[in-house]
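Notes follow the structure.
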Amino acid sequence: MTDRERLLEELLEIAIALTTERDLYALLQRVLETARRFTQAEAGTLFLREGDHLRFAVVQNDFLQRKLGAAAMLQRLQSEPLRLTEPSLAGHVAQTGEIVNVADAYAIGVHETRALNRRFDAASEYATRSVLAIPMQDLTGSNVGVLELLNALDESGAIVPFDPDDETMVRALASQAAVAIRNARLEDLSFKDVSTELYNRRYFALRIDEEVKRHTRFGHPLSLVALNIDHFKQFNEDHGTPAGDEVLREVARLLAKHSRSFTIIARLDGDGFAALLANTPKAGAATYSQRIRGVIAAHPFPHGPITASFGVAGLPADAASAEDLTAAAQRALTDAKRLGRNRVTAL
């Protein structure tokens, strides 16, 4: 099979996945992997535009992953979004819709809007040279993000410019990413809790079923964290429902801020929340829960300290189905409350 035939096959498979795969992160990972494979790019980033920022949705970098490990690499590169007010090649593409293909990013004047943002190279000790950045445009022509590829490599491993003939192929992949983003955002309208803007119970039920099936097929670990705000009913009685609603929103914000982008966080009911951690063993979920517990306990809520209790369960140790996993996490949460609250309990 020729490279062109393999590309067409991959594009078709991604198009099919757009109609069946609800995991936006998995789709975007696949799009970026495909773009890198066919351009021989050492690294790449898929940015999502959110207001006046670009968020690092997917980051892949073979050099930094070998040097730092996957977790440390993501922590460095995804620590903060890229402001559109500061010069960057990705920001220029997001604002203008132009394709950028440069052989040496450092040869561009630093005072131009179409300039390399050297902050990320400095923070990661990485040297960006050749760059191909393509806008991700939705059906209305709006730029919803940027697909950026870094450092094309030849057969000897030397950095070379990106082939201009590859631009059409990468644009096709960027268009598929834009469709995936549009579908996800439309889906969000029916799958989001209005008060907290987290996912709702309906979406959570769909995702936990999907992740359990994925676990069954591939054997990847899967963990579930259930949590409640401690003494929330009494808080509402003491301070009123509006104050309680504000606590719910603030806890939701803390959960979103201190979780990985692909962790599924949902508000199930009342003060009940859940976090679904794919590819995470139970020990990792317990560590995550302890960190979130500490963040909530230390946060300066307007009406005084707020704490939460956490229950952790995982596949395959504690359950064999989505229903069993949910029940196991709830049992662990009940134990955490019985033992005094503001704690993490794992089965």
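Within the stretch 50-72, track down each residue that is in contact with a Lys or Arg (Cβ under 9 Å, 6 or more places away or on another chain), over 14 Å from Tyr126 (Cβ atoms) and part of a strand (DSSP E or B).
Passing the criteria: His53, Leu54, Arg55.
Is it the case that the stretch 74-92 has a residue that's at pLDDT 90 or above and at positive phi?
Looking for residues that are at pLDDT 90 or above and at positive phi, one finds none in the stretch 74-92, hence no.
Within the set of pairs 6 or more residues apart or between chains, which connect a residue that is at pLDDT below 95 inside the stretch 151-168 to a residue that is of a type in the set (Phe, Trp, Tyr) with Cβ atoms less than 8 Å apart?
Asp166/Phe38
With over 30 Å from Asp271 (Cα atoms) and among the hydroxyl-bearing types (Ser, Thr, Tyr) as the only criterion, which of Ser142, Ser195 stands out?
Only one candidate passes the filter, namely Ser142.
Does at least one position in the stretch 194-216 carry a residue that is basic (Lys, Arg) and more than 30 Å from Asp245 (Cα to Cα)?
Scanning the stretch 194-216 turns up at least one residue that is basic (Lys, Arg) and more than 30 Å from Asp245 (Cα to Cα).
Out of Ile99, Ile108, report the one residue that is within 22 Å of Phe162 (Cα to Cα), at pLDDT 85 or above and surrounded by fewer than 21 Cβ atoms within 10 Å (Cβ to Cβ).
Ile99
Please count how many residues of the stretch 302-322 are small (Gly, Ala, Ser), in a strand (DSSP E or B) and either modelled with pLDDT under 95 or within 19 Å of Gly340 (Cβ to Cβ) (or both).
3
Looking at the stretch 273-294, is at least one residue polar (S, T, N, Q) and closer than 19 Å to Phe191 by Cα?
Checked the stretch 273-294: no residue is polar (S, T, N, Q) and closer than 19 Å to Phe191 by Cα.
Scan (1) under 25 Å from Val102 (Cβ atoms); (2) under 17 Å from the mean Cα position of the chain (by Cα) for the single condition Arg207 breaks and write down its number.
All conditions pass for Arg207, except number (1).
Only one residue in Ala158, Ala174 is small (Gly, Ala, Ser), under 30 Å from Glu5 (Cβ atoms) and surrounded by fewer than 14 Cβ atoms within 10 Å (Cβ to Cβ). Which one?
On inspection, the qualifying residue turns out to be Ala158.
Could you look through the stretch 323-344, keep only residues that are assigned to a helix (DSSP H, G or I) and free of Cβ contacts under 8 Å to residues at least 60 places away in the same chain, and pick out the one that is farthest from Glu211 (Cα to Cα)?
Looking at residues that are assigned to a helix (DSSP H, G or I) and free of Cβ contacts under 8 Å to residues at least 60 places away in the same chain, I get Arg338.
Do you know which of the residues in the stretch 262-301 that are over 20 Å from the mean Cα position of the chain (by Cα) and assigned to a loop (DSSP other than H, G, I, E, B) is farthest from Phe204 (Cα to Cα)?
Step by step, filter the stretch 262-301, then rank; the result is Pro300.
Please name all residue pairs, on different chains or six or more residues apart, with Cβ atoms under 6 Å, provided the first residue is in the stretch 114-129 and is assigned by TED's automatic domain parsing to the domain that holds Glu86 and at pLDDT 70 or above and the second residue is surrounded by 15 or more Cβ atoms within 10 Å (Cβ to Cβ) and of a type in the set (Ser, Thr, Tyr).
Once the first residue is assigned by TED's automatic domain parsing to the domain that holds Glu86 and at pLDDT 70 or above and sits in the stretch 114-129, its partners that are surrounded by 15 or more Cβ atoms within 10 Å (Cβ to Cβ) and of a type in the set (Ser, Thr, Tyr) give Asn117/Ser88; Asp121/Thr128.
The values are calculated or read from the model by the stated rules, or taken from the named source; none is laboratory data. Just so it is clear, the model here is predicted, and its values are computed rather than measured. Cβ sites come from the backbone with ideal geometry, for glycine too, and all protein chains shown count toward neighbours.
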